[in-house]
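Below is one structure, written out as structure tokens; comments come after it.
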Amino acid sequence: MTGFLIYEKENVQRNMRFVEFFMEAAKQHHVNLKLVTVDQLSFGTRDGMPFLEPEVPDFAVVRCMQPLLSAHLESMGVPVFNNAEISRICNDKRLTHTFLTKHGLPTLPTAFVNAMMPRHPFAYPVVVKAAGGCGGRKVFLCESEQDYLEKLNFIFPDNAVVQPLCDSPGKDVRIYMLGGKPVQAMLRYSENDFRSNFGLHGTARTTTPTQEMLAMCDKIAGLLHPALVGIDFIFHQGKTYINEIEDAVGTRMLYQYTDLQIVDMYMAYILESIKKTS
């Protein structure tokens, strides 16, 4: 069995530890896993059929924001982890908030903006995020209209979302979900930054999720059928809100603070999923 582990070329080196874990897990499970970057692929339609070159894998783990590629692979019968619908929704913060709101899941008030349509209804300070950003990159705290407009122009041509600053900045809880089940909750926090991202020098520790959080995770799992995702929760005025659903979720925290071999668990889940559907 041959699988593709797909990245954008510029992100391979930064994620090399994860790549190596995946390669080792594949070896242990007797899988021929190939690291493939999107620039190495050609895909489209030809002679009335979808095509992918240089070859079609038996499955693909897509660790980048490529919903069209994921959907194309699925159209060819290739199992994709995470699925194309998760890639489409969860890699665009506007679509994520629209999806969560549609299904009655709580989020902070959120406006969809860009440099051409900058109006929002919130008092400053506000948090501005690139709609397609991840890992805390292109996320800014703006104290004034001038600062806000400057950040929108910096983000452009990407779209953005803007939210009021919650009353507990620099703190969130991420619940890792594998096969639709919670496997570990991590409290992330930073004393020097309104962002809690572990990759931005934040700190983390294991924590016990509330039943409210678990119920929200269970509802999301039933709607999106995720393989491996992180669901992030923030807190404001004593209430819990979903902040994001991370598609290509980072795992550094788990290896540093827990004994979970999450990549090996993920590989086992992938193979079991393929077996069930074949």
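Here the alpha carbons of the range 70-125 define both size measures, Rg and Dmax, at 15.5, 49 Å.
Suppose we look only past 11 Å in the calculated P(r) of the range 1-44. What percent of the Cα-Cα pairs does that tail hold?
Values: 619 of 946 pairs.
For the range 1-44, the fraction of Cα-Cα distances above 11 Å is 65 percent.
The number of Lys pairs in the chain with C-alpha atoms less than 17 Å apart, excluding pairs fewer than 8 positions apart on the same chain, is 12.
If I take all pairs of Cα atoms in the range 111-164, what percentage of them are more than 14 Å from each other? Could you put the intermediate results ahead of the total?
Working: 565 of 1431 pairs.
Result: 39 percent of Cα pairs exceed 14 Å.
The helix-based estimate of mean residue ellipticity at 222 nm for the chain, built from -39,500 (n - 2.57) per DSSP H run of four or more residues and divided by its residue count, is -9500 deg cm²/dmol to the nearest 500.
Which angle between 0 and 90 degrees, to the nearest 10, do you get for helix 211-224 versus the longest principal axis of the chain when only C-alpha atoms count? Orientation of helix 211-224: about 50 degrees from the principal axis.
Distance between the modelled labels on Glu10 and Lys34, one decimal in nanometres: 2.5 nm (7 Å Cα→Cβ projection). Overall, the ratio between the Cα radius of gyration of the range 2-82 and 2.2 N^0.38 Å, rounded to two decimals, is 1.09.
Could you give the angle, 0 to 90 degrees to the nearest 10, between helix 16-28's Cα long axis and the longest principal axis of the Cα atoms of the chain? The angle comes out near 30 degrees.
How long is the gain from Asp264 to Asp147 if the chain were fully straight, where each residue apart is worth 0.36 nm and the alpha carbon distance is subtracted?
On the way: separation 117, 0.36 × 117 = 42.12 nm, distance 4.45 nm.
Value of the extension gain: 37.7 nm.
Helix 145-155 and the longest principal axis of the C-alpha atoms of the chain enclose an angle of approximately 10°. Taken along the Cα-to-beta-carbon direction at a fixed 7 Å, the label points for Ser273 and Arg46 span 2.9 nm. Kirkwood radius and radius of gyration were both taken over the C-alpha atoms of the chain, and their ratio Rg/Rh is 0.97.
No value in this document is a laboratory result; all are computed from the given coordinates. Remember, predicted model here, so these are calculated numbers, not experimental data. When we count neighbours, we look across all protein chains shown, and the Cβ atoms used for this are built from the backbone with ideal geometry, even at glycine.
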